[in-house]
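Reviewing the structure listed below.
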Amino acid sequence: MPLKIGELAKLSGCQVVTIRYYEKEGLLPPPERTNSNYRLYSEGDVERLHFIRRCRLHGMNLAEIRKLLAFKDNPTVSCAWVNDLVDKHIADVESQIASLQHLKKHLEALRHACTGDHVQGCGIIDSLDHGSHCTCCEEEHCPLNEYPASADHAHGEAAK
């Protein structure tokens with residue numbers, strides 16, 4: 001039974017505007033139209049949108065999804081490139097994790113710069129205001145170290 005776009009949205013968990021966008025981007029085939037020019041979709045479109053959503057949840061961009069859909073629709077070559085694609089995403093996630101762990105060190109050092117009992121002279125505000133060298137970055141390239149250092153800055157002392 002054909003589905004109108006609102007019904008497809010409910011079944012797929014996608015917003016109507018997203019469905020139209022995916023259609024425009026070629027991720028969904030052009031739908032049939034009624035005499036009143038309403039879009040009509042099939043159960044296959046529901047499954048395709050579920051596939052697209054799962055790809056998006058795994059960090060795939062539209063170009064990658066387009067390639068995966070083309071392969072899924074017509075698997076004529078080896079799927080080794082799919083492994084490479086996933087390996088690239090794994091490496092990206094590992095890099096993001098390392099970056100977030102590094103940020104956590106900065107935030108912890110920043111948090112230790114203040115006891116929270118001062119009306120004036122908050123160590124966190126002072127640290128953010130003066131932006132000196134962070135000792136948790138001595139071994140790593142850190143964009144926070146690209147700012148001029150201040151000798152009397154609490155951030156460097158807090159991280160020791």
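Only the coordinates and a few stated rules stand behind these numbers; no lab work does. All values reported here derive from a predicted model rather than from experimental measurement. Every residue, glycine among them, receives a Cβ derived from its backbone with ideal geometry; neighbour counts consider all protein chains shown.
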Identify all lysines with a Cα-Cα distance to Lys105 below 19 Å; exclude those on the same chain that are fewer than 8 residues away in sequence. Lys160
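Using 21 Å as the Cα-Cα cut-off, could you pick out the over-long pairs in Lys10/Lys67; Lys10/Lys88; Lys24/Lys67; Lys24/Lys88?
Values: Lys10/Lys67 26 Å; Lys10/Lys88 33 Å; Lys24/Lys67 16 Å; Lys24/Lys88 27 Å.
Table pairs above 21 Å Cα-Cα are Lys10/Lys67; Lys10/Lys88; Lys24/Lys88.
Show me the ranking of peptides 41-54, 90-103 by mean Cβ neighbours inside 10 Å, starting with the highest.
Numbers: 41-54: 16.9, 90-103: 10.9.
In decreasing order of mean packing, 41-54, 90-103 become 41-54, 90-103.
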